[in-house]
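See below for the structure under consideration.
The values are calculated or read from the model by the stated rules, or taken from the named source; none is laboratory data. Fair warning: this is a prediction, and the values are worked out from it, not measured in the lab. Cβ atoms come from the backbone with ideal geometry, glycine included; neighbour counts cover every protein chain shown.
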2 protein chains.
Amino acid sequence: MALVVKKFGGSSVATTEKIMNVAKRILNEKKPDDQVVVVVSAMGKTTDNLIKLAQGINKEPYQFTREMDMLLTTGEQVSISLLAMAFMTLGHPAVSMTGPMAGMKTDSAHTKGRILDITPERVHKELDAGKIVVVAGFQGKDDAGDYVTLGRGGSDTSAVALAGALHADSCEIYTDVDGVYTADPRIAKNARKMKEITYSEMLEMARLGAGVMQPRSVEMGQLLNIPIHVRSTFTTHTGTVIREDYTMKEEKDYVIRGVAHDDKVAKIAVLGIPNTPGIAHEIFSALAAAKIDVDMIVQSIRNIEKNVTDMVFTVSTGDLSEAKRVVDKVADKLGAVAVLVEEDVAKVSIVGAGMLGNPGTAARMFGALCKAGINIDIISTSEISISCLIKGAELEKAVNAIHDEFFND
Amino acid sequence: MALVVKKFGGSSVATTEKIMNVAKRILNEKKPDDQVVVVVSAMGKTTDNLIKLAQGINKEPYQFTREMDMLLTTGEQVSISLLAMAFMTLGHPAVSMTGPMAGMKTDSAHTKGRILDITPERVHKELDAGKIVVVAGFQGKDDAGDYVTLGRGGSDTSAVALAGALHADSCEIYTDVDGVYTADPRIAKNARKMKEITYSEMLEMARLGAGVMQPRSVEMGQLLNIPIHVRSTFTTHTGTVIREDYTMKEEKDYVIRGVAHDDKVAKIAVLGIPNTPGIAHEIFSALAAAKIDVDMIVQSIRNIEKNVTDMVFTVSTGDLSEAKRVVDKVADKLGAVAVLVEEDVAKVSIVGAGMLGNPGTAARMFGALCKAGINIDIISTSEISISCLIKGAELEKAVNAIHDEFFND
């Protein structure tokens, strides 16, 4: 007997036909003694449509966060009821539960809540009664008894947290890809599916642009030590298990775990600033005040005699115009020569705990880029990653060159 | 200071524009110290659309009553969140509550629940904090914590019950008509709006075909002694107050309170049955087993020498084909000569507690029909009503003739 939590996202339950397919698949794979909990998101575009409806009342409905949560939680409530009906239509007892019914307690940070505690007594009771339990992802309730949604990727987090609270044997996240790849398979010709990856590496991959899993759900898995099996909605192949440590030697032996990339990056260069104490603080506190995240930062000397410096950094493209506005003001005040913006840039990164014991890893990465004739603009590193900013047009070539360097076996 | 409960139905909140209009109207009418609770139904056709969605999973989704309640309660949850946002957009604090949040406790009869108790502490708390409280009608939760819907007319019942629990000063039901009329104004040229009507008379009017209010909500008002003000969504005119007893002499002084009619009636005649004990029981227990309500019943002697009798009764047109099937079988067994069905019939009724002390009332009704040249087929009476079955084609003439007889002042 195993207790399994399975999570299906909005695209997997976008129509009643797809909901029936999810139910059929789960019943096909279920062993007679298995206890199954299914966590689902809202159907397809439901959440977007509800937001549009609210915009008919007020163009900025998110100012009413409590009411937005009241509104948006109906999306999952619709899909859980339909999926439970689908199981029963196929002859298996089932019961749907909203997040609160399943015991999901959150803080009161409406539209971006955090799970504080789960008291899943009723889930256990229904499982013990032989039912498949269908739980609404993305939602819980706070102390006042109000609905709170968890923000982006919340359904994955619900599933992992529930698996932890239920002491589940596994937590399976069904997505439109069949696992985590060593690089984005749409770009890297030789990308391969990993069998395993550690929480830390997965978090670093996600931070650096790999979109498979939302970081919060991986953090939750790490916190509760719940292995997360990422697999495809459309095939029955084994996917990738995210866990504390490797169980398979062949996965552990790679120097790096994957190549991540991010093309939603823009570069801002503030040139010719008089190099006095506090200029970095001046620029980056102004950006922080505007809630703009800065990623890679390089300060370099422009003219040593005149003591003039350049400050170069990256922001996400979505923040670029606001960042430019903020920086222009500060640059003016500091007496900078110019503020330049470059949008055709991209970041390519390698991730892997293995590089800690392999001092030549960075050199191999730079060498691969050099051999491919790609110039590196900025380099930044973390404990388990190295990132290079390059020309956007060279991204595909760069990902393939680095991937082939490390995974050419 | 007054505590007012106002209920708006699905057509009043069918679009975001209409929701804004409801909010504006309520704020216009609200005195600064008033405490206002608004009970709303699902937007327009939402419930129908949700049922269609469920039919994509199973053609008979109502076999899964618990899951249908889980599904259908989302309809009101959407409208309460939008209406609360509308109040806040217009500058007034507001908060939405599902039925369970407002303390609506029901039995576990999913899709046709009954309210057992209301614990509206949180409603009071939010009202005392200066907020307009928007409550989802039609829903509550049972002891297990599951959603239960109240069945047809449930939102009216929610509003009246909540008004009772809150000791509200008034309960206003907004509809697409502006009150209760002495007869259906689409048929009776001289129909006039009543200022008041008693619960008992309203219940009898509803039972006999007047469609303004669902009987259960009137019963709830009677039980809790909450006056119900039925009024129009589209005008600010005073409507009709349903209450225990009259407060206005001019309303009390009418002999009858109104003329009701029902054209969804069919007549079944079982002719030439040997008149032995138990034949009525035989026919009507067969109909009861098939869950068919029988209304007017007349047994008359066909042939006194042969001791043969006729049994004539009415059912609603929706039940006619099933009733005919059931009755044909029994008639065959009883050796009846024939079973005749007549669909072109209608029932016209007068209602009024005043007729108890006015023995000539029935005679006046029959006289009015006679003067209009209308033949009466069947007559039935209750304590506060008299009904006549007539030809369907003569219904309009009958309603006007009777109405003019009693309201010609």
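Taking residue B:266, is it at pLDDT 90 or above, surrounded by fewer than 19 Cβ atoms within 10 Å (Cβ to Cβ) and touching a helix residue (DSSP H, G or I) at 6+ places or on another chain (Cβ under 8 Å)? Considered against the rule, which asks whether it is at pLDDT 90 or above, surrounded by fewer than 19 Cβ atoms within 10 Å (Cβ to Cβ) and touching a helix residue (DSSP H, G or I) at 6+ places or on another chain (Cβ under 8 Å), residue B:266 comes out as no. Are any of the residues in region B:80-89 assigned to a loop (DSSP other than H, G, I, E, B), in the same structural domain as residue B:10 (by TED's automatic domain parsing) and out of contact with any strand residue (DSSP E or B) (no Cβ under 7 Å at 6 or more places or on another chain)? There is no residue in region B:80-89 that is assigned to a loop (DSSP other than H, G, I, E, B), in the same structural domain as residue B:10 (by TED's automatic domain parsing) and out of contact with any strand residue (DSSP E or B) (no Cβ under 7 Å at 6 or more places or on another chain). Restricting region A:49-67 to residues that are part of a helix (DSSP H, G or I) and of a type in the set (D, E, K, R), which is farthest from the other protein chains (Cβ to nearest Cβ)? Looking at residues that are part of a helix (DSSP H, G or I) and of a type in the set (D, E, K, R), I get A:52.
Somewhere in region A:96-108, is a residue in the same structural domain as residue A:212 (by TED's automatic domain parsing), among the small types (Gly, Ala, Ser) and under 24 Å from the mean Cα position of the chain (by Cα)? Lay out the reasoning, then the answer.
Within region A:96-108, the subset in the same structural domain as residue A:212 (by TED's automatic domain parsing) is A:96-108.
Cutting the leftovers down to among the small types (Gly, Ala, Ser) gives us A:96, A:99, A:102-103, A:108.
Those left that are additionally under 24 Å from the mean Cα position of the chain (by Cα): A:99, A:108.
Yes.
Can you name the number of the only condition in (1) at the interface with chain B (Cβ under 8 Å from one of its Cβ atoms); (2) in contact (Cβ under 8 Å) with a residue 40 or more places away in the chain; (3) among the small types (Gly, Ala, Ser); (4) surrounded by fewer than 24 Cβ atoms within 10 Å (Cβ to Cβ) that residue A:103 fails? Failing condition for residue A:103: (1). When B:355, B:365 are checked against the criterion of being touching a helix residue (DSSP H, G or I) at 6+ places or on another chain (Cβ under 7 Å), buried (at least 19 other Cβ atoms within 10 Å of the Cβ) and within 23 Å of residue B:245 (Cβ to Cβ), B:355 stands alone in meeting it.
Do we find that residue B:116 is under 20 Å from residue B:142 (Cβ atoms), crowded, with 21+ Cβ neighbours inside 10 Å and aliphatic (A, V, I, L, M) in this structure? Give the steps one after another, and end with the answer.
On the way: under 20 Å from residue B:142 (Cβ atoms): yes; crowded, with 21+ Cβ neighbours inside 10 Å: no; aliphatic (A, V, I, L, M): yes.
Against the criterion (under 20 Å from residue B:142 (Cβ atoms), crowded, with 21+ Cβ neighbours inside 10 Å and aliphatic (A, V, I, L, M)), residue B:116 does not qualify.
Exactly one residue out of B:114, B:122 is modelled with pLDDT under 95, in the same structural domain as residue B:153 (by TED's automatic domain parsing) and under 16 Å from residue B:165 (Cβ atoms): that is B:114.
Out of the residues in region A:148-157 that are surrounded by fewer than 24 Cβ atoms within 10 Å (Cβ to Cβ) and among the small types (Gly, Ala, Ser), state the one that is nearest to residue A:172 (Cα to Cα).
A:153
The residue that is modelled with the lowest pLDDT, among those in region A:272-282 that are surrounded by 14 or more Cβ atoms within 10 Å (Cβ to Cβ) and touching a helix residue (DSSP H, G or I) at 6+ places or on another chain (Cβ under 9 Å), is A:279.
Residues satisfying the criterion are present in region B:8-15 (criterion: modelled with pLDDT of 95 or more, assigned by TED's automatic domain parsing to the domain that holds residue B:84 and surrounded by fewer than 24 Cβ atoms within 10 Å (Cβ to Cβ)).
Mind listing just one residue for me: the one in region B:148-177 that is in a strand (DSSP E or B) and aliphatic (A, V, I, L, M) and, of those, nearest to residue A:99 (Cα to Cα)?
To start, the set of residues in region B:148-177 that are in a strand (DSSP E or B) comprises B:148-149, B:170-175.
If we keep only those that are aliphatic (A, V, I, L, M) too, we end up with B:148, B:173.
Working: B:148: 17, B:173: 33 Å.
Per the criteria, the residue is B:148.
Consider residue A:147 carefully, then state whether it is over 17 Å from residue A:233 (Cα atoms), within 14 Å of another protein chain (Cβ to nearest Cβ) and among the aromatic types (Phe, Trp, Tyr). If you could, list the steps in order and put the result at the bottom.
Numbers: over 17 Å from residue A:233 (Cα atoms): yes; within 14 Å of another protein chain (Cβ to nearest Cβ): yes; among the aromatic types (Phe, Trp, Tyr): yes.
For residue A:147, the condition - over 17 Å from residue A:233 (Cα atoms), within 14 Å of another protein chain (Cβ to nearest Cβ) and among the aromatic types (Phe, Trp, Tyr) - is met.
For region A:20-29, the criterion of a residue being β-branched (Val, Ile, Thr) and at the interface with chain B (Cβ under 10 Å from one of its Cβ atoms) is satisfied by no position.
Tell me, yes or no, whether region A:126-147 has at least one residue that is part of a helix (DSSP H, G or I), modelled with pLDDT of 95 or more and buried (at least 17 other Cβ atoms within 10 Å of the Cβ). Can you show your working first?
So the first thing to find is which residues in region A:126-147 are part of a helix (DSSP H, G or I), and the list is A:126-128.
Filter again for modelled with pLDDT of 95 or more, leaving A:126-128.
Within this subset, residues satisfying the condition of being buried (at least 17 other Cβ atoms within 10 Å of the Cβ) are A:126-127.
Within region A:126-147, one or more residues are part of a helix (DSSP H, G or I), modelled with pLDDT of 95 or more and buried (at least 17 other Cβ atoms within 10 Å of the Cβ).
With respect to residue A:238, is the statement that it is touching a residue at least 24 places away in the same chain (Cβ under 8 Å), in contact with a Ser or Thr (Cβ under 6 Å, 6 or more places away or on another chain) and not assigned by TED's automatic domain parsing to the domain that holds residue A:333 true?
On the way: touching a residue at least 24 places away in the same chain (Cβ under 8 Å): yes; in contact with a Ser or Thr (Cβ under 6 Å, 6 or more places away or on another chain): no; not assigned by TED's automatic domain parsing to the domain that holds residue A:333: yes.
No: the conditions fail for residue A:238.
Pick out the one residue from B:345, B:294 that is modelled with pLDDT of 95 or more, touching a helix residue (DSSP H, G or I) at 6+ places or on another chain (Cβ under 7 Å) and surrounded by 14 or more Cβ atoms within 10 Å (Cβ to Cβ). Working first, answer last.
On the way: B:294 fails: modelled with pLDDT of 95 or more.
On inspection, the qualifying residue turns out to be B:345.
Summed over region A:107-125, residues that are more than 12 Å from every other protein chain (Cβ to nearest Cβ) and part of a helix (DSSP H, G or I) total 2. Scanning region A:68-100 for residues that are in contact (Cβ under 8 Å) with a residue 40 or more places away in the chain, among the aliphatic types (A, V, I, L, M) and within 8 Å of another protein chain (Cβ to nearest Cβ) returns A:68, A:70, A:80, A:82, A:84, A:86.
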